[in-house]
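Input: a single structure, listed below in structure tokens.
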Amino acid sequence: MKLLIASDHAGFELKEALKDRAGTLGVSFNDLGTHSRDSVDYPDYAHALARELLKPGSVASLGILICGSGVGVSIAANRHPGIRAVLAESPEIARLGREHNHANVLCLGARFLSPERAVEVIRAFLTATPETGERHVRRVQKLGELSK
């Protein structure tokens, strides 16, 4: 399975550690940056990943974004119609985000997760299947609607 992955400078080390563990997850990563610890703006990387994920013929259907808390990248990614980014610090939240909310981007907070815990969270995200029951599909469709 091919995944997109991107981070800001605060998430760089965790991103690199996860790339080293790609084989244990059964995935390969298409790394969209950043490629150093030099300070960068997290929205740039979240937007790049979202645009690539939504592009027709994209190499991946799922992505992982990492910043210091995970909050900034999740806010930025969720600004893109068609992106459903979930911030998860536990396997349970990652699984439920994928099953109930059909999340296609997993956001991680590098300051709050060890590489080992991040692998557990990613594994739960990847092995979960979006539920297709009427109630979940109806709710996910409403995520794309504007408030009246």
Inset, instruction - Determine, yes or no, whether VAL119 is among the hydrophobic types (A, V, I, L, M, F, W, C), over 13 Å from the mean Cα position of the chain (by Cα) and in a helix (DSSP H, G or I). - result: no
Inset, instruction - Considering each of ALA48, ALA6 in turn, give the residue that is assigned to a helix (DSSP H, G or I), surrounded by 14 or more Cβ atoms within 10 Å (Cβ to Cβ) and small (Gly, Ala, Ser). - result: ALA48
Legend entry - the range 79-103 residues that are touching a residue at least 60 places away in the same chain (Cβ under 8 Å) and under 18 Å from GLU52 (Cα atoms), paired with ones that are of a type in the set (Gly, Ala, Ser) and surrounded by fewer than 17 Cβ atoms within 10 Å (Cβ to Cβ) (beta carbon under 9 Å, 6 or more apart): PRO81/GLY144; GLY82/GLY144
Inset, instruction - Please list, ordered by first then second residue, the pairs with beta carbon atoms under 8 Å, 6 or more apart or interchain, first in the range 133-148 and under 13 Å from ARG84 (Cβ atoms) and in a helix (DSSP H, G or I), second basic (Lys, Arg) and at pLDDT 85 or above. - result: VAL140/ARG84; LEU143/ARG84
Inset, instruction - Return a yes/no flag: does the range 27-39 have any residue that is under 16 Å from VAL119 (Cβ atoms) and surrounded by fewer than 18 Cβ atoms within 10 Å (Cβ to Cβ). - result: yes
Legend entry - Looking only at the range 96-148, and only at residues there that are over 23 Å from SER69 (Cα atoms) and of a type in the set (Lys, Arg), the one that is surrounded by the most Cβ atoms within 10 Å (Cβ to Cβ): ARG139
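The values are calculated or read from the model by the stated rules, or taken from the named source; none is laboratory data. The shown structure was predicted, so the numbers you read here are calculated from the model rather than taken from an experiment. Neighbour counts run over all protein chains shown; Cβ positions are idealised from the backbone, glycine included.
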